[in-house]
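Structure first, then comments.
What follows is calculated from the coordinates using simple rules that are stated; it is not laboratory data. Source: prediction; values computed, not measured. Neighbour counts run over all protein chains shown; Cβ positions are idealised from the backbone, glycine included.
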Amino acid sequence: MRVTERPFSDLLRHPKDVTSDVEEGDVMLRRRDQPDLRLSRADRDAERAIAFAAVGRTLRNLAVHSPKALGEALVDSFAWLEVLPSADRLAFVEEFSRVVAAATELDSYAPLAQLVREWRATAEVHADPKLSRRPSTPFDRALWEATEVASAPTEPPSTPTPSGQASARRPRPTFRVRPQGLEP
């Protein structure tokens with residue numbers, strides 16, 4: 001499908017031309033200092049959603065019935081999977097297929113993008129010998145405690161309401177985490 005690019009101002013100055021372009025394909029409206037906008041007919045968007053949902057279900061079925069084949073296909077798509085240990089690679093394939101299916105059904109792809117970012121970061125850690133070294137001693141959660149620190153009030157304790165009565169506001173406490181036994 002053809003995507004026509006136009007400056008956002010064209011939508012304001014020549015709306016008939018822009019809507020004519022939308023009949024032929026999507027229109028990408030370029031904006032300064034803000035994300036671009038994409039105009040599309042609702043029927044095309046609905047068709048895309050149906051197609052993505054079918055692809056998501058297909059990937060999920062492939063993961064269930066032939067996880068090795070899906071794993072190999074994903075390694076071809078995401079080269080950084082090669083540096084993950086095999087257990088992590090299998091976990092990625094399983095999680096990827098579940099999130100793809102859920103994202104397509106919900107028509108929200110942010111969770112899928114986050115999943116790929118997080119697993120890629122994990123692969124970067126495994127690829128860097130300095131980052132992938134395991135700590136020599138296990139982490140001891142007992143060494144850490146949450147300490148409540150009273151925050152200074154940013155507004156007076158009593159604020160007049162629209163009705164003229166004073167309402168008492170307490171400052172919210174803030175928390176910081178520090179090792180036990182170490183004084184600030």
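A few comments on the model shown:
- Some residue of the range 71-91 being in contact with a strand residue (DSSP E or B) (Cβ under 8 Å, 6 or more places away or on another chain) and of a type in the set (S, T, N, Q): no
- Of all residues making up the range 57-115, the number that are hydroxyl-bearing (S, T, Y) and touching a helix residue (DSSP H, G or I) at 6+ places or on another chain (Cβ under 8 Å): 3
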